[in-house]
Each structure stands twice: as structure tokens, then as C-alpha cells.
Amino acid sequence: METIAELFKKRFPEPTAIQKKAMPVLLQGKNALLVAPTGSGKTEAALLPVLEQIHGKPGISCLYITPLRALNRDMKKRMDWWCEQAGITHAVRHGDTTTAERGKQRASPPQLLIVTPETLQALLVGRVMRAHLANVKHVIVDEVHELMNNKRGTQLSMGLERLAEVAQFQRIGLSATVAKPREAGKLICGERDFSVVEAGSGRELDLEIVKAYGGEKKIFEKVKDILEKEPAKRRIIFVNTRSTAEGLATYLDMEKVPIDIHHGSLSAEVRLKTEEGLKGGETKTVVATSSLELGIDIGDMEEIIQFNSPREVARLVQRVGRSGHAMHLKPSGKIVVGDYDEWMEARAIKDEFENGFLEEREVVRGAMDVAAHQFVGLLLDKGRMNVDDAYKILNRAYAFALKPDEFKRVVKQLDRERLIFLNPDNTSAIKQAGREYYFYNLTTIPKEKKYALRDASTNRIVASLDERFVATLAPGEFFSSKGKVWKMIELSSELLAEQAASADFVIPDWVGEDIPVHREVAQEVGRLRGEDEEKHGEKTIPDDKKILVEIANESVILHSCFGTRINYTLGRVLQLRLAKKLGAEVAVATDPYRVMLRLPFPAKKEWIDAALVPYDLEFDAEESLWNSSALRLVFLHTGRMFGMFGEDAMVGTKLIRLMVDTPVYDETVNSIFRKYFDLDGAKRLLLGIMRKSPALVFEEREKLSFFAMVGIKRKEEGVPSIQPREAMLKSIREELEKKKITLHCLSCGVERLTTVANAPENLKCHKCGRTSLTVWPGEPEELAAKAAILRAYGKKGLLALSVFGVGPKTADRILSKLHKDEDLLLLDLLEAQKNFIKNKKYWRA
């Protein structure tokens, strides 16, 4: 049988740069992180030296860990030839692996096993498979960069230390080009020595930015034109959100352009069919989200089209790198942009790439919920053990990063949840509930649910919203869904909202999916604005050197080219501080270049100036969460990771307040801060404003500037226009007037089915002629009260009683105001209905 070296020479004319550098290092048994772009041959650079060393050895000698099941399948196919030629057994194991296949692996384990991070968690506590893991001599972790800034990487980092309790193994990581390779290496190696082997990071891109201003349809049309000019080209069209993927694919399909689609919400079977179609050449063009960024083998694309800015330099490199796959070819792509912001951002990202910039990714360290789960895992691994010994094991992981007293708080929380025994001698053991908890939480990916959107005016469910989107909203904020703009009222088991009569800033319902823009890219946008000869009729240009604050009556636009997370932090803190000062609701929306505020009355410069201070920033940021859905939803996810809640649990503010100063609450706040906020960056910015760098410039205007209107109109696709109040009320009135009502005569007992619109102005019984009509059904007292309303107020009374949640007492209170305008009456009735729906859940049956 041929050796791996002989097989390599048969398959490849010569090694690539990363293979030349990495293979000697790995053959020496050193830990290493291999950093190279897509198509560089880094998979073979890691795999082939390992296959050479495990040849002829029994049992599981190598674990190959990938972040996706799709990558598992793909990697298995890529390894088939090498392993079959070399006589090495290999297999895949994940959640979909059949019982029969699992049994086969237990009885006769393969030499190379391909798994996900979650599968490793299950293997570590399986009695038979754990014994097989003692043979492991090599662990390869693929796509390390995808595990750096999330808790899956944190879990894997600790899981590898648990594996190190039964096996001694070489650690090999594979990563796309990253800004901090040492950080990526520490995720899998901890504080052990390791080498960083890099190659191919200076690769050029052939990139064109194409303007298609005029709304979403114009971009769709431009993409269609590009496809039709060269229909034979193999392409991926990358988009930033699932909704854009669906919208663009639908449009192209209706225009008879052959198209397929690939994103994370589609079934595995659909995605696999698309991948195979691309690789086999049957499919020429696919619309995809980041689901096709990773190293799934789909063959060499001839061109990449990016729909609007990719938001990050790293994503540009990863996406466009799917074309020109071979290292001697130049990746080629087009960015098709739909407005000024997208144009500037695409230019900035291109410039930053050419300057060698990449966004930094930080490992999620000190996650107490993950530490809790891994401690329970250790107890399953080892049985009864000393808490200090467990701390020493987990502390070897770079991502653990908890102090001894912090870890003890975590252990005590598990004891309070009755998942473990915590003994006076500082030893601990697992309870049955702890076993169930461990397997329920094998993944750190939140178990997301859908929230029904209920229209307060009709009491109807009108849409379904993703949990990640709902987490971005606070009561009083505006968002779009199903072609309408809504104002959030409250969140319980569903989201209650009313149609917006007016709104300046609207959050589209896909915003939770969007990719954050880093500070450096936003600053480059500011620099490009300042250098741009086109001033768009404005004297003051908001650039990287200044923060321009526009005040136009109730609207305040703070132009801040500092990126998504810094601006989100500023927006939440400003909203809180201004609401406290004014004693009224303040609406806010942010993007990478603006903080947009809507006050209840005309704004004053001194209010904004006084709020832009660095003092108590973290305290105010945390307080701002108390009015957000994010706190409740992330608290729910974190509580599940601590074993507090089941899948269908709901939590309220009262419970969260009771949990302040517990690991569950602390980790909730830390998780939100990690994902959405940049407290350090915001503090530096506010301190800089105090030192006049950047300069703070105020402008009071009658009309907002071009730069403000770009943000307000929303640079992204799919945001509908706001209905004026009159149109909204007309729509609601029409709904009410169609409502069927049974009129019952208390005198003669006759009944009549009608609608509010068709009811006579003179509400008398058509049989006996008396004014004793009431709205049926109801208890005797209620029926009499309704009859009195109809006698006193006529058809207006009937309109009031047709509103869900408005009874005779409420109707009388509202109608007695004798509204001059029926619109004002309707607004009061809708407010009463809203209060009824909000308070109904607190009533006792």
C-alpha cells in the first residue's frame, strides 16, 4: 500500500505555500495554528501529516472538529480518497447519525472521527466512547475563526481540557486570515506552546463596486442585468440577511432567471442539494447568506456578487475568496450598492482591505453559563470530585478566565438549582437532574422561538417574529413587519404592538440578522465623506474628525462615524438619560454612522450636550436594559444554561430583579454587552468629546440634512412608508364597521344580526319601536348597561362597544368626553383596548 507521501505526489504536482511551511512543523508533533485563505490547501496541510502518523494504529487516533454538520459531510467526502488509498478507517458522528452507525462506532471505532463541538460534549460522557477517546493523539479544529467570538468556541476550549484528562494529543487549528492569530491559537491550545504558520495573506482581489441607486428593485434589476450578460458563469450572490435572500431569489425566479437559494433556515436536505448542484455544475447561480462562506467544497466560482456592502473586511475576503479558488487565480467580485451609505461603506471596506486591515475577533472569555455546564460535564466524566480540582482543569482553557471566587459562585448556583450535591468538604457529585440538564444543553446556541405579533387595534395575530429580532426592541420603539410600521407596546408570550401613526426611525424586522460594522470601517467612511467633492448641498460634512448634531424640532440626529456597537451604546444611554430628564418616552434608532433620537417635544442643544458625558456609562447602559426585551430573552437563555428554566418558560422583570447579583444575572448582562455594546469604545469617544477630539458641532435646522435623511429613510431594503394617522385610523374604522353585532331588544326579545356600518342611526327596535336595544350576549346587568350606552350615545355607543376590551363602564367614561372629532374618539377607544390587553393577563379567572 502506498504511503501518504507517495499519494500526495500522485495527486498534486507540488505543495502549496501553506503545505510547505506547515507539514514539517506538524510532523514534529508541535501544536500549530495554520492561517491561510480559502483554496490554499490548508486542509491537506493539516490532515496528511496526521494520516501519515496514525496509519496502522487502532482506535480513534484523530478527532477532526468542524463547526457545521454540512462541513462534516463535506470533509468526509474529501477524506474518502486519501483514507481508502491509505487503508485508514474514518467516519462522521453528529446528532443525525443513526443508532446503528453509533453502535458500529462503539464496537469498532474508526481511526479518524469527524465531529462537531457539540458531538464532542456527548462523547466525553459516554462510557464506551470515552474509553475510545483515550487513544486520541491528534485533534484538528477547522474554521477556528468561526468559533472565536461566540460561546461555541468557549465550550470547545473547555471541552478540549476535559479530553486532555484521558488523552495526550497534538492540537492543530485551521483558520482563515485573522487579525490576531495568537488569540485564535490560544482558543484551542490554552497556554501551551504553539506555532502560527501563515501563508497567502497578501492575496489580491479583482473588485468592482457598481451603483444601483433607487431602491431595492433597482438593485434587483442590476443583479439581473449582470447575470444575463454572462449566463454561463458560475456565481454566488452573497446577501447579508435571510429576508434579502428570499426577496432577491423570488424576484429572479419570477424574471425567469435560473436561480437557487442557500441559507441557515432551509432544511439540511435543501442546502445539500444546492451544494451538490454547484459542485456538479448543474446549478450556475445561488443566492446565499454567510452559510456558504465556510469551506464547504462547492468547486471554483467564476465570480462573486455581493448585494450591498458586506459590512466587514473579513467577510469580503471570505466571500470573494470563494472565486478564483486556486492560489494562482485572482478572486473576482462585484459589490452592487443601492444608496450613498452602501456606496461609501463598500469603498471603505475595499480601501481597508488594500491597507491590510482585518477586524479583530476576540474569544468569549469568562462565560459563567458555559463554565456551569462544563463543571457538570466534569462530574459526569469523573464522578465525585473536589471543586478546586475541577477549577484547575477548566482553568487550563484560555476561554475559562474565571477567578476562583467567581467559579465558586457558579457552583453554588448549580447547587441551588439542585443539579449537583455540594458537600461541606468542598467535593461535589452529580444528581439525576444534572444528567438531564447536561444533555439538554449540549449546544450553547440559544433555542430560539417565534413570537406572535398581535395587532392591538384588532386583537389579531398578524405575523411571526424571530426571537433575535424581538430582543432588539424596547416598548415605544418602531419596527416594520408585513409591509406596515408598528410601535411596540409590550412583550409577554407574544409581542403586542399598534400600527404607527407617525415615526421617524424604523427598525426593519430582519435587523437582528445584520452584520455589525466595526469602528475602523466607519471611520474610513467618515474620511471618504470629508474628501468627497460632492457635498450634497451641505456646508457641514459629518466626517471622521467631528460629530455633527442636527436638531430639527423633535428630531435629533447625532452623526457619529464610529460603528455599530459604539453607536448602539450611545443610543441606549442617550435614550435613558434624556427620558429621565424629560420625564417622557424617547425613541431611538442607530446605525454605524448615526444615533437618531425622537423627543416628545422640540429638543434643546443643552439637553444633548449634558447627556454626552462619560460618567456612569456602564451603570446607565445596564439600566437601559431594564426597558428592553433583550434582558428578558437573554436572561431566559442564560437561565436555561444554568438549568433554571425549561424550553417553554417565560420570565418577567420581577424575577430578574430578584436574581440581581447572581451568576445568572451577571452573565446575562455580560452576554448582552459582548454582543451589542462597546462600552470601552463609547467611553473613549465621550472622553474625546470632552477634550474636543472629535469636535462636537451643533446645527439647528428647519429640515434635516442629506446625511440625516439617508439614515432616516433606511438604507436597507424592505422598509415600508409610514401611514399618516388619518389613513391608519380610516383602516381601523373600516375594520370595526365590518364587525358583525347581534342587537337584542330587552323589551320584546327580538334579535337582529347587523354590522356597525349597517346599523341604523336611530337605534330603536324594528319590531316594538322601543329604545331598549343592547349588544348581545352578556349578563343581565351588563346588558342593561349596554342598552343605556346605546340610548345615550346612539351609533357612537355601538362603535365603542364593538371595540375588543371596551365594556359599558369604559365606553361611558370615554364617550362622556363628547369628542369634537371622531378620530379623537377612536384614539381613546384604541388606548383603552391596549390597556385591556396589557392588563388582562394579571386578572384571576
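What the table shows:
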{"quantity": "Check on Met1, out of contact with any Ser or Thr (no Cβ under 8 Å at 6 or more places or on another chain), over 30 Å from His262 (Cβ atoms) and at pLDDT below 80", "calculated": "yes"}
{"quantity": "Among residues of region 373-400, those that are open to solvent by 40 Å² or more (accessible area, probe 1.4 Å) and at pLDDT below 95, counted", "calculated": "2"}
{"quantity": "Helices (runs of 4 or more DSSP H) lying entirely in region 1-54 (those with 3 or more residues that are open to solvent by 30 Å² or more (accessible area, probe 1.4 Å) and either among the small types (Gly, Ala, Ser) or out of contact with any helix residue (DSSP H, G or I) (no Cβ under 6 Å at 6 or more places or on another chain) (or both))", "calculated": "4-11, 17-27"}
{"quantity": "Selected residue [small (Gly, Ala, Ser), in contact with a Phe, Trp or Tyr (Cβ under 9 Å, 6 or more places away or on another chain) and either farther than 27 Å from Thr564 by Cα or at pLDDT 85 or above (or both)] from Ala433, Ala429, Ala452, Ala500", "calculated": "Ala429"}
{"quantity": "Where Val196 falls short, out of the listed (1) of a type outside the set (D, E, K, R); (2) in contact (Cβ under 8 Å) with a residue 40 or more places away in the chain; (3) open to solvent by less than 20 Å² (accessible area, probe 1.4 Å)", "calculated": "(3)"}
{"quantity": "Pairs, first touching a residue at least 60 places away in the same chain (Cβ under 8 Å) in region 381-398, second open to solvent by 40 Å² or more (accessible area, probe 1.4 Å) and not in a helix (DSSP H, G or I), C-beta under 9 Å, six or more apart", "calculated": "Asp381/Glu165; Asp381/Val166; Lys382/Glu165; Ile393/Glu165; Arg396/Glu191; Arg396/Arg192; Tyr398/Glu191; Tyr398/Arg365"}
{"quantity": "Residue in region 779-802 that is open to solvent by 40 Å² or more (accessible area, probe 1.4 Å), modelled with pLDDT under 85 and farther than 30 Å from Glu216 by Cβ present", "calculated": "no"}
{"quantity": "Any hit, region 67-75, residues being open to solvent by less than 20 Å² (accessible area, probe 1.4 Å), at pLDDT 90 or above and assigned to a loop (DSSP other than H, G, I, E, B)", "calculated": "no"}
{"quantity": "Some residue of region 308-323 being closer than 27 Å to Ile445 by Cα, open to solvent by less than 40 Å² (accessible area, probe 1.4 Å) and modelled with pLDDT under 80", "calculated": "yes"}
{"quantity": "Close pairs from region 14-31: first at pLDDT 95 or above, partner assigned to a loop (DSSP other than H, G, I, E, B) and not small (Gly, Ala, Ser), Cβ under 7 Å, at least 6 apart", "calculated": "Asn31/Arg192; Asn31/Asp193; Asn31/Phe194"}
{"quantity": "Scan of region 732-759 for residues that are open to solvent by 30 Å² or more (accessible area, probe 1.4 Å), of a type outside the set (A, V, I, L, M, F, W, C) and touching a residue at least 12 places away in the same chain (Cβ under 8 Å), ordered by number", "calculated": "Arg733, Glu735, Glu737, Lys738, Lys739, Lys740, Thr742, Ser747, Glu751, Arg752"}
{"quantity": "Selection within region 241-292 - among the small types (Gly, Ala, Ser), within 21 Å of Pro67 (Cα to Cα) and not in a loop (DSSP other than H, G, I, E, B)", "calculated": "Ala268, Ala288, Ser290, Ser291"}
{"quantity": "Wholly enclosed helices (runs of 4 or more DSSP H) of region 537-642 bearing at least 3 residues more than 24 Å from the chain's Cα centre (by Cα) and either of a type in the set (S, T, N, Q) or surrounded by fewer than 18 Cβ atoms within 10 Å (Cβ to Cβ) (or both)", "calculated": "564-582, 605-611"}
{"quantity": "Selection from region 347-358 of residues that are in contact with a helix residue (DSSP H, G or I) (Cβ under 8 Å, 6 or more places away or on another chain) and open to solvent by 10 Å² or more (accessible area, probe 1.4 Å)", "calculated": "Arg347, Lys350, Asp351, Glu352, Phe353, Phe357, Leu358"}
{"quantity": "Contacts under 8 angstrom Cβ, first residue in region 684-706 being within 18 Å of Leu617 (Cβ to Cβ) and of a type outside the set (D, E, K, R), partner in a loop (DSSP other than H, G, I, E, B) and open to solvent by 50 Å² or more (accessible area, probe 1.4 Å), 6 or more apart", "calculated": "Pro694/Lys545"}
{"quantity": "Residues of region 133-164 satisfying the condition of being farther than 18 Å from Thr443 by Cβ, surrounded by fewer than 20 Cβ atoms within 10 Å (Cβ to Cβ) and in contact with a helix residue (DSSP H, G or I) (Cβ under 9 Å, 6 or more places away or on another chain)", "calculated": "Lys137, Ala164"}
{"quantity": "Matching residues, region 117-132, being over 18 Å from His94 (Cα atoms) and either buried (at least 21 other Cβ atoms within 10 Å of the Cβ) or in contact with a strand residue (DSSP E or B) (Cβ under 7 Å, 6 or more places away or on another chain) (or both)", "calculated": "none"}
{"quantity": "Single unsatisfied condition, His766 versus (1) surrounded by fewer than 17 Cβ atoms within 10 Å (Cβ to Cβ); (2) over 29 Å from Arg454 (Cβ atoms); (3) touching a helix residue (DSSP H, G or I) at 6+ places or on another chain (Cβ under 8 Å)", "calculated": "(3)"}
{"quantity": "Residues of region 381-415 that turn out to be in a helix (DSSP H, G or I) and within 16 Å of Gly434 (Cβ to Cβ), as a count", "calculated": "10"}
{"quantity": "Residue list for region 92-116, filter: open to solvent by 10 Å² or more (accessible area, probe 1.4 Å), under 17 Å from Asn135 (Cβ atoms) and either of a type in the set (S, T, N, Q) or assigned to a strand (DSSP E or B) (or both)", "calculated": "Ser108, Gln111"}
{"quantity": "Qualifying residues in region 779-819 (those that are over 14 Å from Ile741 (Cα atoms) and among the β-branched types (Val, Ile, Thr)) - the one farthest from the chain's Cα centre (by Cα)", "calculated": "Ile789"}
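The values are calculated or read from the model by the stated rules, or taken from the named source; none is laboratory data. Owing to the predicted nature of the structure, the values given are computational and were not obtained by experimental measurement. All Cβ positions, even for glycine, are placed from backbone atoms using ideal geometry, and neighbour counts span all protein chains on display. Ligands, DNA and RNA are excluded from the accessible area calculation, which covers all protein heavy atoms including side chains. Shrake-Rupley method; radii C 1.70, N 1.55, O 1.52, S 1.80 Å.
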